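*Asks:* Pasting a structure here, questions to come.
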Amino acid sequence: MIIWLASYPKSGNTLVRSLLSSYIFSKDGNFNFELLKNIKQFPDNSLFKRIGVDTNNEEEMFKNYINSQKIFYNEKSIRFLKTHSCFVNKEGFRFTDGHNTLGVIYIVRDPRNVVTSHSHHFQQTVKKSSENLLSHQYLGKESPIHCTTYVGSWKYHYISWKVFEKYNRYLLIKYEDLVNDTEKTFIKILKFIARLGKVKFTLDKEKFNNTLKTTSFDKMKKLEDKETFAEAKVNASTGEKIKFFNLGVKNDWKKILDVEIKDSLEKELQDEMKELNYLK
């Protein structure tokens, strides 16, 4: 069954994937980019092709979201999947269901910093990124191997995945907690996974410490300088890779957003931002 790593784009999903792939899928906890292949992104062209669905036909793709996930249902081990999709119910067809889904780890980030990070990553203006953040019709596509994803607005995205909270299958992780206290937050994630898998939680301290050391922002930034990170975008003008690990915790909306954009985001998202203590 599936445990979803769900988030709005540029909210820290890659950091969670890096921690999990290092700790669960490596022998010693030392991170490398190849390990990320153990946690694939959904929707993914290859899954739909396996069940004969044309991914250029969005209606057929939406109809077969759940069918494509049945591939994982008979697996004895837990399968982690990353997604930037909201928990969409489109044209009567849902993104997933309780039969295929074991649980959800939802990663959230201050939307003001999401906008600035999104702007850099997708090489668009801050204004355009803020408009996407507020658009219910926002669609995303990470790369040619990934299908079009129904991202939706930041607000709807956050609210939509909370449906799993009432089933006690939902863990909310704030990006800020993940960065400021990685050890405590990652243990929280591992305990959640153990509970879902109905196994006793035990910690391999040496492997855990190696994971923390090798997935720090500075370490991954240096690793990207040495190696190609497949998930980094290409600058359409220059053809060069855009650094994925760019600002990290130095990303500060206060230094980037103008007053108009800031006020617009805070007005539209005030209830959720207050709930998450991003606004007082």
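*Asks:* Could you tell me which residue out of L212, Y278, G52 lies farthest along the dipole of the chain toward its positive end? Charges go on the beta carbon: Lys and Arg +1, Asp and Glu -1, centred on the Cα centre.
*Replies:* L212
*Asks:* Now, a different point. By per-residue mean of other Cβ atoms within 10 Å, what is the highest-first order of 207-213, 39-45?
*Replies:* Final packing ranking: 39-45, 207-213.
*Asks:* How high is the relative contact order of the chain? Use alpha-carbon pairs under 8 Å, at least six apart in sequence, and give a whole percent.
*Replies:* 23
*Asks:* If you don't mind, another one. How long is the gain from E206 to I78 if the chain were fully straight, where each residue apart is worth 0.36 nm and the alpha carbon distance is subtracted?
*Replies:* My answer for the length gained is 43.8 nm.
*Asks:* A further question on this structure: Place a +1 charge on the Cβ of each Lys and Arg in the chain and a -1 charge on the Cβ of each Asp and Glu, then give the dipole magnitude about the Cα centre in debye, rounded to the nearest 20.
*Replies:* Here the chain has a charge dipole of around 800 debye.
*Asks:* Could you calculate the FRET efficiency of K255 with N277 from 1/(1 + (r/R0)^6), where r is the beta carbon distance between them and R0 is 22 Å, rounded to 0.05?
*Replies:* The formula returns an efficiency of 0.55 here.
*Asks:* Using the basic label-point model (7 angstrom from Cα toward the beta carbon), what is the E59 to Q270 distance in nanometres?
*Replies:* 4.1
*Asks:* Same structure again: Would you kindly state how much longer the chain becomes between E227 and E165 on full extension, computed as 0.36 nm times their sequence separation minus their alpha carbon distance, in nm to one decimal?
*Replies:* The E227-E165 span can extend by a further 18.4 nm.
*Asks:* Next question. For I71 and S216 in the same chain, what is the full-extension length gain: residue separation times 0.36 nm, less their Cα-Cα distance, in nm?
*Replies:* Extra length available between I71 and S216 comes to 48.8 nm.
*Asks:* Mind giving me the nanometre distance, one decimal, between the label points for D97 and E34, set 7 Å out from Cα along Cα→Cβ?
*Replies:* A separation of 3.9 nm, rounded to one decimal place.
*Asks:* Hey, got the dipole for segment 30-182? About the Cα centre, +1 on K and R Cβ, -1 on D and E Cβ, debye to the nearest 20?
*Replies:* 160
*Asks:* A 24 angstrom limit on the alpha carbon distance is what I want to check against. Which of K63/K127; K49/K191; K27/K82; K184/K221; K221/K274; K40/K70 exceed it?
*Replies:* Checking Cα-Cα distances, K63/K127; K49/K191; K221/K274 exceed 24 Å.
Only the coordinates and a few stated rules stand behind these numbers; no lab work does. Since the structure is predicted, the reported quantities are computational estimates derived from the model, not experimental observations. Note: ideal-geometry Cβ built from the backbone for every residue, glycine included; neighbour counts use all protein chains shown.
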